[in-house]
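Everything below concerns the one structure shown next.
Read-outs: derived from the displayed coordinates by stated rules, not from any lab. The model shown is predicted, which means the values in this text are computed figures rather than measured ones. Positions of Cβ are generated from backbone atoms using ideal geometry, with glycine treated the same way; all protein chains shown enter the neighbour counts.
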Amino acid sequence: MTPETPPGIGPRHIDAAMEGVRASGRLAHRQDRQRRSRDEFDRRHRAPGLVPGRARPPAYRGLDLLVLLIRKLVPLVSLLSGLVLVAAAGGTQPGENGRIVFERLRFQNSPISGDLFTMNPDGTDAKRLTHPPNGTEDTHPDWSPDGRRVVFARQPPKGAYSIWIINADGGHLHRISPPCAPGREIPVCPADDSWAVWSPDGTHLAFNRLTGPIRPKSPTINNDTAIYKDEIVITDRNGRHARTVVWLGPYRGDPQAPAWSPNGKRLVFVGKFMTSKTNGSGCECRRLYVINADGTGMHPITRPGLRPGGRPDWSPDGTKILFRTHPTDDSSGVNSDLYTVHPDGTGLHRVTHYGQAGERVIEGSYSPDGHFIVFETSHGAVGSSLPDVFITSAGTGQKQVTRTKNFEDDADWGPKP
């Protein structure tokens, strides 16, 4: 790894790991997109610094982020029992349980990168699915309904994020986002895409897209305070014929991390700055929203103050929505827990109880049969402060699936092909 730390990996995960470090602009937009969305890696889960989100911490990039993360973690081990990254599934479809796809942020093994792996539900037969360039993070994976393909976001150290699709065997990797020169940002690039999820019938994708001018005018989105068009779109499975589902207007709103209902009629998403004058300032006011797939009927389903983060997941029977809380402003996930709520906003239920102990919990995914939840937590993890993958049954009992000193994130449970 060169002195230039892989920016892609630093933004999301490092952001979540360092409670006191906050970034504005894209970091504010990308963090949840994120990894933790870029709300946490970049502003996802980039390293809590590598976090899905929209923005990357402008002051930290690549190797610098990793070094800073380590320096922060050593003295704060007792406080930071886990890095939290953001990401989860896009609406689990009913079916027979298949393999789990997840991201492994390789802090311990060089070269530093965020790679996707697949494995059996018991953790056996783990196989590396993607081989991103050094410093790049492949995140927010989502299985296709037939269990044969995975859609994911590629987050480079510098430049616009993009959506890619790969076969379950690692073949036919291809980009579906508009082409963009390496290292370039919007508005030079036509779009900055992340948080993609398959529709239940496998014919469409829904994802977060940033386009147009940024304020103030800058060569990098990391320095922005507002983005002209911050929306959720639906395209065909090749990324064409984009149709806007959620957009509040120029420089307003920050809808992120959509997930389809099992019948394909609705979407749930995390909404930020939905009541503010711009999408980079004012009240973040995080809430879960439900909207019809045709863009009508948008309404919040969680109360103010609960602060959902990462990507929600719809249960296979359509009766519950799984999500993670985002209790503090630092996007690190400290004191986070998993919750479920009915699509009409009733029946709020706390699934995990690690937050009060200072642990971190990363959002999860239902199993296709609806009996289990796969997620990541630092509670009981091998790396202590770095999350491993676990499986739970409605919050009762917990089985550890991975055991590494790397950072596991974004687990999505797919159907059997």
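Some notes on this structure:
- Site pair residue 277 and residue 128 shows an inter-label distance of 5.0 nm when each label is modelled 7 Å from Cα along Cα→Cβ.
- Once both labels are positioned 7 Å from their Cα atoms along Cα-to-Cβ, the gap between residue 369 and residue 240 label points is 4.0 nm.
- Efficiency of FRET from Cβ geometry, residue 319 and residue 416, R₀ 22 Å, rounded to 0.05: 0.45
- For residue 239, the shell of other residues with beta-carbons less than 9 Å away shows a net charge of +1, using +1 for Lys and Arg and -1 for Asp and Glu.
- Where the Cα pairs of the range 97-415 fall when distances are cut into 20 Å bins, in %: 34, 62, 4
- The alpha-carbon atoms of the range 301-417 define a convex hull whose volume equals 102 cubic angstrom per residue.
- With contacts taken as Cα pairs under 8 Å and at least 6 residues apart, the range 97-415 reaches a relative contact order of 13 percent.
- Projected label distance in nm at residue 384 and residue 217, using a 7 Å step from Cα toward the beta-carbon: 5.1 nm
- Of 277/320; 320/405; 158/229; 320/399; 265/399, those spanning more than 28 Å from alpha-carbon to alpha-carbon: 277/320; 320/405; 265/399
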